[in-house]
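The values are calculated or read from the model by the stated rules, or taken from the named source; none is laboratory data. As the structure is a computational prediction, the values presented were derived from the model and not from experiment. Ideal geometry is used to build each Cβ from the backbone, glycine not excepted, and the neighbour counts take in all protein chains shown. All accessible areas refer to the heavy atoms of the entire protein, side chains included, with ligands and DNA or RNA removed. Shrake-Rupley method; radii C 1.70, N 1.55, O 1.52, S 1.80 Å.
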Amino acid sequence: IQADTLICSTDAPPWNATYLGGISWLDRPLRASNQTNSYHLNGGLSIRQLDWMIHCLQNAKNAGIEDNIINSCIGGREKVTVVDAMAFSSDNGNTKCFDWEGQRLCPWGVHKPWAKTKFLEGDEYLELITYCPEIEALKFFLNK
């Protein structure tokens with residue numbers, strides 16, 4: 001967890017995954033689905049299974065940045081559905097609260113959701129900070 005992240009929920013994360021992170025680097029708005037994730041996951045707020053992480057790093061062929069190495073490891077992002085990634089974390093404001101199977105879901109945590117709000121329209125950012133009001137305090141302290 002990086003200094004510019006918050007866990008917004010008091011519940012433990014319900015996911016049993018090798019690697020979970022918020023979806024980042026979107027070029028268009030995203031809809032929740034049960035499709036296998038093919039989007040880049042960011043490690044600003046992430047959960048990684050230790051044995052998988054060690055194996056990933058030992059077999060990494062890419063000497064690039066951490067997020068790229070982890071996203072290229074087999075058994076990582078492709079085992080996470082889009083809806084699970086969106087429900088886990090909003091990364092850089094690329095995702096938000098959303099409707100899923102008759103419920104309104106907001107992310108379990110956030111990683112600087114104010115950074116790129118191009119996909120947050122109208123009241124969507126306000127909904128996110130209503131759900132997780134500490135976002136504005138964190139933004140204030142980080143921008144001092």
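Of these, Asp4, Asp27, which one is at pLDDT 75 or above and closer than 17 Å to Ala115 by Cα? If you could, list the steps in order and put the result at the bottom.
Values: Asp27 fails: at pLDDT 75 or above.
Residue meeting the stated conditions: Asp4.
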Test set (1) among the polar types (S, T, N, Q); (2) modelled with pLDDT under 80; (3) open to solvent by less than 20 Å² (accessible area, probe 1.4 Å) - Ser90 fails condition number: (2)
When residues of segment 42-63 are limited to those that are open to solvent by 70 Å² or more (accessible area, probe 1.4 Å) and not in a loop (DSSP other than H, G, I, E, B), the one nearest to Ala85 (Cα to Cα): Leu50
Total residues in segment 93-120, condition of a type in the set (S, T, N, Q) and buried (at least 23 other Cβ atoms within 10 Å of the Cβ): 2
Tabulated pairs, segment 40-59, first under 17 Å from Trp15 (Cα atoms), second assigned to a helix (DSSP H, G or I) and open to solvent by 90 Å² or more (accessible area, probe 1.4 Å), C-beta under 9 angstrom, 6+ apart or interchain: Gly43/Glu66
